[in-house]
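S.K.: Handing you this structure, nothing more for now.
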Amino acid sequence: MIETARLILRPPQPGDTAALHAMWSEPRVMADLAPVKSPAESAATIARHEAYRATHGVGFWTTLRKEDGAVIGFCGLKPGAEDTPIAGELEVGWMLAADHWRHGFGHEAAAASVAWGWANHDAPRIVAITAAQNAASRALMVRLGMVHTAALDFEHPKFAADDPRRATVTYAVERP
C-alpha cells in the first residue's frame, strides 16, 4: 500500500470492482485510451494486474481518496506489453474517473508509483505510453519529469489501422 497526502494506492479488492468498471465503461474516460469495457473485460483487467503482481512484483493499484475512501482511479506500474517497443520496460500508467480530473490526483498517484518503482525495482528507467492525441496524459508525463522518447513511438497493435489512438508516443524518465 502507498499513502500520499490525499490518496491511498492499494491492490484491488472485490468491493472496488463496481467503481472501477464504472470508470472503464465511461466514454469520456476511455476516449484516448481504449474501447469502453464490459463487466467481463473489467474483471479481466483486474485479474491481469493481479497476475503482473504475482509474476513481476508490479501491477496497478486501486486509487482511493483518503478523505472518504472513494475509489477514484487505477494507477501503478506494469511490465511493458510484449508486442511493443517497450517490452521488458517498467511502465507507469494511470486512469481517473472523470469527476476527479484536474485536481492533481493523477500526478500525485503517478509520482508515488514512480517513487515506489525506484525503491522496489532496479529498472534503469520507467516509461509511459499514450495515444499521440492524448494531450492531458502527455502533459502529465512531462510534469513527472519524463521526456518524449520518439525512438520508442509505435503503432499500437490493439487498435485498428484507422483508429487515431493507434499512433502511440513513449515518454521515459531515467533512474535518479
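The values are calculated or read from the model by the stated rules, or taken from the named source; none is laboratory data. As the structure is a computational prediction, the values presented were derived from the model and not from experiment. Methodologically, a virtual Cβ is constructed for each residue, glycine included, from the backbone with ideal geometry; neighbour enumeration extends over all protein chains shown. SASA here: full protein model, heavy atoms, side chains in, ligands and nucleic acids out. Shrake-Rupley method; radii C 1.70, N 1.55, O 1.52, S 1.80 Å.
S.K.: Hand me the list of strands (runs of 3 or more DSSP E) wholly inside region 81-176 holding 2 or more residues that are at negative phi and small (Gly, Ala, Ser).
M.R.: 125-131, 167-174
S.K.: Would you confirm whether or not region 51-72 contains a residue that is free of Cβ contacts under 8 Å to residues at least 40 places away in the same chain, in a helix (DSSP H, G or I) and farther than 21 Å from Asp122 by Cβ?
M.R.: yes
S.K.: I'd like to verify a number: residues in region 123-158 that are within 16 Å of Gly76 (Cα to Cα) and either among the hydrophobic types (A, V, I, L, M, F, W, C) or in contact (Cβ under 8 Å) with a residue 60 or more places away in the chain (or both), how many?
M.R.: Counting residues in region 123-158 that are within 16 Å of Gly76 (Cα to Cα) and either among the hydrophobic types (A, V, I, L, M, F, W, C) or in contact (Cβ under 8 Å) with a residue 60 or more places away in the chain (or both) gives 11.
S.K.: How many of the residues in region 44-68 are among the aliphatic types (A, V, I, L, M) and more than 16 Å from the chain's Cα centre (by Cα)?
M.R.: 1
S.K.: Would you pick out the residues in region 157-176 that are open to solvent by less than 60 Å² (accessible area, probe 1.4 Å) and within 23 Å of Val114 (Cα to Cα)?
M.R.: Result: Thr168, Val169, Thr170, Tyr171, Ala172, Val173.
S.K.: Considering only region 89-107, state which residues are of a type in the set (A, V, I, L, M, F, W, C) and either touching a Pro at 6+ places or on another chain (Cβ under 8 Å) or open to solvent by 40 Å² or more (accessible area, probe 1.4 Å) (or both).
M.R.: Within region 89-107, Leu90, Trp94, Trp101 qualify.
S.K.: Which of (1) in a loop (DSSP other than H, G, I, E, B); (2) free of Cβ contacts under 8 Å to residues at least 40 places away in the same chain does Ala34 not meet, given it meets every other one?
M.R.: Just one mismatch for Ala34, condition (2).
S.K.: Consider Thr45 against the criteria (1) open to solvent by less than 40 Å² (accessible area, probe 1.4 Å); (2) within 27 Å of Pro164 (Cβ to Cβ); (3) of a type outside the set (Gly, Ala, Ser); (4) in contact with a strand residue (DSSP E or B) (Cβ under 7 Å, 6 or more places away or on another chain): it satisfies all of them except one. Which criterion is unmet?
M.R.: In the conditions (1) open to solvent by less than 40 Å² (accessible area, probe 1.4 Å); (2) within 27 Å of Pro164 (Cβ to Cβ); (3) of a type outside the set (Gly, Ala, Ser); (4) in contact with a strand residue (DSSP E or B) (Cβ under 7 Å, 6 or more places away or on another chain), Thr45 misses (4) alone.
S.K.: Working carefully through the options His121, His103, find the one that is under 20 Å from His49 (Cβ atoms) and more than 16 Å from the chain's Cα centre (by Cα).
M.R.: Matching residue, one of His121, His103: His121.
A quick yes/no check of all residues on (1) more than 18 Å from Met30 (Cβ to Cβ); (2) touching a His at 6+ places or on another chain (Cβ under 9 Å):
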{"residue": "Met141", "(1), (2)": "yes, yes"}
{"residue": "Val147", "(1), (2)": "yes, no"}
{"residue": "Asp153", "(1), (2)": "yes, no"}
{"residue": "Thr168", "(1), (2)": "no, yes"}
{"residue": "Pro176", "(1), (2)": "yes, no"}
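S.K.: A further question follows. Can you name the number of the only condition in (1) more than 14 Å from Ala110 (Cα to Cα); (2) open to solvent by less than 40 Å² (accessible area, probe 1.4 Å); (3) not small (Gly, Ala, Ser) that Leu33 fails?
M.R.: (2)
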